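Trainee: Structure below; questions to follow.
The values are calculated or read from the model by the stated rules, or taken from the named source; none is laboratory data. Keep in mind that what you see is a predicted model, and the values were worked out from it rather than measured. Heads up, the Cβs are rebuilt from the backbone with ideal geometry, glycines too, and the neighbour counts pull from every protein chain shown.
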Amino acid sequence: MEDLGPVAWPPEPIRTERLVLRASEARDRAAFMELLASPEVHTYLGGPQSPADLERETPAVPARWPGSFIVDLDGAMIGQILLRRATKHRPAAVGKLDLGYLFLPRAWGFGYAAEACAAALGWLAGEFPGEPVVLTTQSANVGSMRLAAKLGFAEVERFEAWEAEQWLGMRPGAAHA
Ligand SMILES: CC(C)(COP(=O)(O)OP(=O)(O)OC[C@H]1O[C@@H](n2cnc3c(N)ncnc32)[C@H](O)[C@@H]1OP(=O)(O)O)[C@@H](O)C(=O)NCCC(=O)NCCS
């Protein structure tokens, strides 16, 4: 994966009905480390990182790169959306815009991920009109598969990688609403 390249970053915070999407700030560091250390979050993502490693390696302002949105509920980080460009990937995905998402377990089950991802995809369509977006998730990751379908991703293929079946989905490009 590589970052989005030439976009104006950070953008103005994006407000949805319940959430704000914004670039990361120093106050997100603890929640960011909690996200990366959570075994539950990483059930289908190859395992969590150790708190000691995270404490040592996480910068004062974590994950501040073009395409990394912090999802904020009432002033606190509840998740991260990662918009990148796929590099080493299946041929159908290489060079395409790529969506990823990680939410803290306490924020699951409220539709926050769907609300935030839809807004992030809207922003992305404004920056890269007409470009399709891909998404990869383990097919066993039921919540993620449901979210992908809700967001309009359709299956391209399933493949084996990282000792599990992976699902590659694509969402057709759309002009900015
Ligand atoms: C994948 C992940 C983001 C899904 O989170 P989620 O909260 O289940 O997703 P959604 O935002 O779509 O919320 C859906 C649930 O909220 C419920 N909900 C409650 N209030 C709602 C509302 N106002 N609007 C919409 N949905 C609502 C829905 O009914 C649904 O529940 P269900 O799953 O029991 O049917 C989350 O499980 C996660 O972070 N997992 C770890 C990271 C990961 O695996 N990422 C994938 C790799 S890219």
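Trainee: Taking the stated definitions as given, is residue 34 in a helix (DSSP H, G or I), at pLDDT 95 or above and either within 15 Å of the ligand (Cβ to nearest atom) or crowded, with 19+ Cβ neighbours inside 10 Å (or both)?
Mentor: Spelling it out, residue 34 is indeed in a helix (DSSP H, G or I), at pLDDT 95 or above and either within 15 Å of the ligand (Cβ to nearest atom) or crowded, with 19+ Cβ neighbours inside 10 Å (or both).
Trainee: What number of residues in segment 33-91 are over 30 Å from residue 131 (Cβ atoms) and among the hydroxyl-bearing types (Ser, Thr, Tyr)?
Mentor: 4
Trainee: Taking segment 86-95 as the search range and keeping residues that are away from the ligand (no atom under 15 Å from the Cβ) and closer than 12 Å to residue 2 by Cβ, which one is surrounded by the fewest Cβ atoms within 10 Å (Cβ to Cβ)?
Mentor: Selected residue: 88.
Trainee: Can you tell me which residue is surrounded by the fewest Cβ atoms within 10 Å (Cβ to Cβ) among those in segment 96-109 that are more than 15 Å from residue 170 (Cβ to Cβ) and touching a strand residue (DSSP E or B) at 6+ places or on another chain (Cβ under 9 Å)?
Mentor: Only one residue tops the list, namely 106.
Trainee: Here's a follow-up. Looking for whichever is within 11 Å of the ligand (Cβ to nearest atom) and closer than 19 Å to residue 16 by Cβ here; the options are 111, 122. Which one fits?
Mentor: 111
Trainee: I'm told residue 139 meets every condition in (1) polar (S, T, N, Q); (2) over 17 Å from residue 41 (Cβ atoms); (3) within 15 Å of the chain's Cα centre (by Cα) except one. Can you identify the failing condition by its number?
Mentor: The single condition residue 139 does not satisfy is (3).
Trainee: Here are some residues: 107, 164, 148, 116. Which one is among the hydrophobic types (A, V, I, L, M, F, W, C), in contact with a Leu (Cβ under 9 Å, 6 or more places away or on another chain) and closer than 18 Å to residue 40 by Cα?
Mentor: 107
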